[in-house]
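Asks: I have a structure I would like to understand better, so I am pasting it below and will then ask my questions one at a time.
Every read-out reported here was derived from the displayed coordinates using simple, explicitly stated rules and does not represent laboratory data. All values reported here derive from a predicted model rather than from experimental measurement. Positions of Cβ are generated from backbone atoms using ideal geometry, with glycine treated the same way; all protein chains shown enter the neighbour counts.
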Amino acid sequence: MERKPLQVDSEEALIARAKREREAFGDLYDRYVAQVYQFTYRRVKNHAAAEEITAKVFHRALEQLGRFEWRGLPFGAWLMRIATNLIHDHNGHTQRQVPLANWDEAEIHALGSMTSAEDQYAARQTAEVLWRTVATLPLVQQQVLVLRFARDMSLRDIAVVLGRSEGAVKQLLFRAVKGLRQRLQHLGFDHEA
């Protein structure tokens, strides 16, 4: 039996269908599994752990699907919140900083399009200083910066992931950017450049 194409159903309709027919949850799984895995792997840096946590995310989502209320936010934001909680549990609540060592991978890969080796080197050094400086901020500020700028998530989606209001996320982002700017200025970086 073939599944209906994902484009046929809106996300809201797909969720409603999955609540009635457990087999329909497979369409949601197909739509989000890669995104959840990548999100998880970037935080745990271990393929086996990322696969295990990803499986748990979807297991928990399936168990709690009946309680999910459509509010116009992407279903993926809810999955990311579940993933964030499971990653936190996996890390034993002891990790004080978000591991940022590979957050600049995309930027480094983009460096290949720059014309000179000097430009590539300077951009790589700047990215390394930036992420090391981000790692000195409080954990929740690190998370907001990473989700907003490295993952390009909307404030609304970040609010869902962190379980906070959109206003609280705006405040966290403001404080994080301000703190980052102050730290970079202290290091001799001109934020206006």
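Asks: In segment 6-90, what is the volume of the convex hull around the alpha carbon atoms, normalised per residue and reported in Å³?
Replies: Output value, Cα hull per residue: 87 Å³.
Asks: Ranked by Cβ crowding within 10 angstrom, fewest neighbours first, how are 153, 80 ordered?
Replies: 153, 80
Asks: In addition: Please report 47, 88 as a ranked list, fewest other C-beta atoms within 10 angstrom at the top and most at the bottom.
Replies: Listing 47, 88 from fewest to most nearby Cβ atoms yields 47, 88.
Asks: Another question, if that's okay. For 52, 12, which order do you get if you count the other beta carbons within 10 Å of each Cβ and list the fewest first?
Replies: In order of increasing Cβ crowding within 10 Å: 12, 52.
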